[in-house]
Amino acid sequence: MKIFGGYILFIMLGNTCFSAQNCSDFYYFRKDGVVTFIQYDSKGNILGKNIEIIKNVSLGKGIALSDNSIVNYNPEGNVKEELPNRTLCIRNNLKINVPISTLPGIETYLSYPSDMKIGQKLGEDINKSFEISVSERKIEIFYSIIDRKVIGQEIIKTSTGDYKTEKIQYNLNVKYNIAGISIPLNKKIIEWFTPGYGIVKKESYSKGGVLEEYAVLSSIEGENEQK
C-alpha cells in the first residue's frame, strides 16, 4: 500500500499493524509480474540488481501461490545466478521461501502475518542442514534463522513511492564444513515490509553490526489478478 506524505497517521497508529492484507494484493501474485531491486554496498555504490520474475500464479479463496525465478545481476548487467523460488499466501498470511537450497525438503518459508505488532516474534527459530558436492568434495552446510521479530514501524521512500512498513529483524547464521574445516558466516538481516504489498527494502549487517549491503525496490511491472 502506497502513501503520499503525512506522519500524523503513522504516529496515531502506535504499535498496531498498519492495515489488513489480502492475498491477491501482494505484488508476488501479479500476472506477468517483474519486480526489480537495486543492490548497493554500504557506501551507496551499485552492486547489481535482483529481478524476480513471477509466473504460474494461482489464486483461490483465501489462498495464493506463485512460482518465481530470481535472477541476480552484477553491475555490468551480466547474470550471476538464477534461483527458482515460491511464494505462498494462506488466509492473508504471506509466506516467502528463502532460496538457500534447491534440494527437496530444504524449503524454508518466512511468515509475514496480517496482524504484526512491535515486539512480536514471527515464527519459531529455524535450524536446518544439508550436504552438497563441489568438485567431488562434500560440503556440509548448517544454517539457522533465529530471533525473528518486529522491531518498529517506518515510512520508507523509494523511486516507486513512499510506503508504510513493518521493520523486521532476524539473525542468519550459516556454517560450512569442508574437509574438517568449519567456516562460519553470521549476518543480521533487516527487512521493511508493507502489509498487503510486500518487502520494499532489505539490509544486511556483519556479526559486529556493520552495514555491508542493502537492496531497495526500484520497479514493479504486471497487474494484480482478482479471483
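The values are calculated or read from the model by the stated rules, or taken from the named source; none is laboratory data. Keep in mind it's a predicted model, so treat the numbers as computed, not measured. Positions of Cβ are backbone-derived with ideal geometry, glycine not excepted, and every protein chain shown enters the neighbour counts. Areas reflect the complete protein model, heavy atoms only, side chains present, ligands, DNA and RNA absent. Shrake-Rupley method; radii C 1.70, N 1.55, O 1.52, S 1.80 Å.
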Query raised in the report: Using beta carbons and a limit of 9 Å, which pairs, at least six apart or on different chains, have the first residue in segment 74-85 and touching a residue at least 12 places away in the same chain (Cβ under 8 Å) and open to solvent by less than 90 Å² (accessible area, probe 1.4 Å) and the second one β-branched (Val, Ile, Thr) and in a strand (DSSP E or B)?
Result: Pro75/Ile46; Leu83/Ile70; Leu83/Val71; Pro84/Ile70; Asn85/Ile70; Asn85/Ile96
Requested in this report: Identify, by number, the condition in (1) over 23 Å from Ile38 (Cα atoms); (2) surrounded by fewer than 15 Cβ atoms within 10 Å (Cβ to Cβ) that Glu223 doesn't meet.
Outcome: (1)
Query raised in the report: Just to be sure, is Thr160 out of contact with any helix residue (DSSP H, G or I) (no Cβ under 7 Å at 6 or more places or on another chain) and modelled with pLDDT under 95?
Result: yes
Query raised in the report: From the residues in segment 170-227 that are part of a strand (DSSP E or B) and on the phi > 0 side of the Ramachandran plot, which one is farthest from the chain's Cα centre (by Cα)?
Result: Gly222
Query raised in the report: Could you say which residue among Ile151, Ile190 is hydrophobic (A, V, I, L, M, F, W, C), at pLDDT 95 or above, surrounded by fewer than 21 Cβ atoms within 10 Å (Cβ to Cβ) and touching a Lys or Arg at 6+ places or on another chain (Cβ under 6 Å)?
Result: Ile151
Query raised in the report: In segment 99-143, which residue that is in a loop (DSSP other than H, G, I, E, B), at pLDDT below 85 and of a type outside the set (Ser, Thr, Tyr) is surrounded by the fewest Cβ atoms within 10 Å (Cβ to Cβ)?
Result: Glu136
Query raised in the report: Quick one: is Asn85 closer than 30 Å to Asn45 by Cα and touching a Ser or Thr at 6+ places or on another chain (Cβ under 8 Å)?
Result: yes
Requested in this report: Check Lys157 against each of (1) touching a strand residue (DSSP E or B) at 6+ places or on another chain (Cβ under 7 Å); (2) within 19 Å of Ile190 (Cβ to Cβ) and name the one condition it does not meet.
Outcome: (1)
Requested in this report: State whether one or more residues within segment 63-84 are assigned to a loop (DSSP other than H, G, I, E, B), closer than 27 Å to Phe142 by Cα and modelled with pLDDT under 90.
Outcome: no
Query raised in the report: Given the conditions (1) over 19 Å from the mean Cα position of the chain (by Cα); (2) open to solvent by less than 60 Å² (accessible area, probe 1.4 Å); (3) at pLDDT 90 or above, and given that Val34 satisfies all but one, which numbered condition is not satisfied?
Result: (1)
Report task. Could you identify the single residue in Ser133, Ser144 that is within 27 Å of Asn92 (Cα to Cα) and out of contact with any Phe, Trp or Tyr (no Cβ under 8 Å at 6 or more places or on another chain)? Result -> Ser144
Requested in this report: Scan segment 48-69 residue by residue and report those that are surrounded by fewer than 17 Cβ atoms within 10 Å (Cβ to Cβ) and hydrophobic (A, V, I, L, M, F, W, C).
Outcome: Ile63
